[in-house]
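The values are calculated or read from the model by the stated rules, or taken from the named source; none is laboratory data. Just so it is clear, the structure is predicted and the values come from calculations on it, not from any experiment. In this analysis, Cβ positions are derived from the backbone assuming ideal geometry, glycine residues included, and neighbour counts consider all displayed protein chains.
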Amino acid sequence: MAEKALSTYLYSDYLEVEAGSDLKYEFHDGMITAMAGGTIAHGKISLNVAGEIRNELKKSGKSCDVFGSDVKIRIESANRTFYPDASVTCGDTQVSDIDKHAITNPVLIVEVLSESTAAFDLGPKFTHYRELESLREYVVVSQEQVMVTSYYRTPADLWEINTVVEWEGSVTLQSLGCEIRMKDLYSRVEGIDPEVG
């Protein structure tokens, strides 16, 4: 969620701003944007997603790493750096030549939508994410209702879309060959999980 933007900066300026602050910032081709905090539901869903993916990958023995919202992704071709809510790399994790704290080869990216970020996450941000050759799947999760949409890149470089809205349903992550139950993804989220209201 954007709080304040500083414009026309070099990437080295961005790294200096981040190094001197406890806040997280994103870089948008010369603009530095401070990230505001999220809701309790957003935090729970983000951790649930990352935890469930990690558990499934452990079971399958896949050589993949799961990252939470503290790890950023650098898109060199778009000159953008974002902090997704979760991301996964498989094999060796590659980092940017100009930012050792930013990964460049995610296979899967997850964003938890809010009213203020949904248009950007589904529009410009997804456009930039698609420039990553490694990216196979983009997953967006609603924090307002039971709804998860997966965008999967086929070998023909086309994007398949699948939306799940059933509490008893499961999200299939084709890029990782695993499934996450919706009830685990939304576990203990007030207003969505029937057991907590």
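Listed conditions (1) in contact with a helix residue (DSSP H, G or I) (Cβ under 7 Å, 6 or more places away or on another chain); (2) buried (at least 17 other Cβ atoms within 10 Å of the Cβ); (3) not acidic (D, E) are all met by W167, apart from (2). Restricting region 67-90 to residues that are among the small types (G, A, S) and over 23 Å from Q143 (Cα atoms), which is surrounded by the fewest Cβ atoms within 10 Å (Cβ to Cβ)? Applying the filter and picking the extreme gives S77. When I109 is tested against (1) over 19 Å from R136 (Cβ atoms); (2) in contact with a Phe, Trp or Tyr (Cβ under 7 Å, 6 or more places away or on another chain), just one condition goes unmet, and that condition is (1).
Inspection of region 153-162 finds a residue satisfying the criterion of being closer than 25 Å to E26 by Cβ, of a type outside the set (V, I, T) and in the same structural domain as E76 (by TED's automatic domain parsing). Being under 20 Å from S187 (Cα atoms) and surrounded by fewer than 14 Cβ atoms within 10 Å (Cβ to Cβ) holds for only one residue in I45, I40, I53, and it is I40. Residue count for region 101-116 satisfying the condition of being at pLDDT below 95, under 18 Å from A50 (Cβ atoms) and not in a strand (DSSP E or B): 1. Note on region 118-197: enclosed strands (runs of 3 or more DSSP E) holding 3 or more residues that are within 22 Å of L47 (Cβ to Cβ) are 137-142, 148-153, 170-173, 178-181. Under the condition of being touching a residue at least 40 places away in the same chain (Cβ under 8 Å) and over 28 Å from C90 (Cβ atoms), the residues counted in region 30-58 number 4. Considering every residue within region 99-120, establish whether at least one is farther than 27 Å from A36 by Cα, touching a residue at least 12 places away in the same chain (Cβ under 8 Å), of a type in the set (A, V, I, L, M) and crowded, with 17+ Cβ neighbours inside 10 Å. The answer is no; no qualifying residue exists. Looking only at region 46-56, decide whether some residue is under 22 Å from T127 (Cα atoms) and part of a loop (DSSP other than H, G, I, E, B). Checked against the condition, which is being under 22 Å from T127 (Cα atoms) and part of a loop (DSSP other than H, G, I, E, B), region 46-56 yields no hits at all. Looking only at residues of region 57-70 that are outside any helix (DSSP H, G or I) and polar (S, T, N, Q), we find that the one that is nearest to the chain's Cα centre (by Cα) is S69.
Collect the residues in region 41-95 that are of a type in the set (S, T, N, Q) and touching a strand residue (DSSP E or B) at 6+ places or on another chain (Cβ under 8 Å), keeping them in residue-number order.
S46, S60, S63, S69, N79, T81, S87, T89, T93, Q94
In the set I73, I32, I98, only one residue is in contact with a Phe, Trp or Tyr (Cβ under 8 Å, 6 or more places away or on another chain), of a type in the set (A, V, I, L, M, F, W, C), assigned to a loop (DSSP other than H, G, I, E, B) and within 22 Å of L132 (Cα to Cα); that residue is I98. Are any residues in region 155-186 out of contact with any strand residue (DSSP E or B) (no Cβ under 7 Å at 6 or more places or on another chain) and among the basic types (K, R), and if so, which ones? Result: K183, single match.
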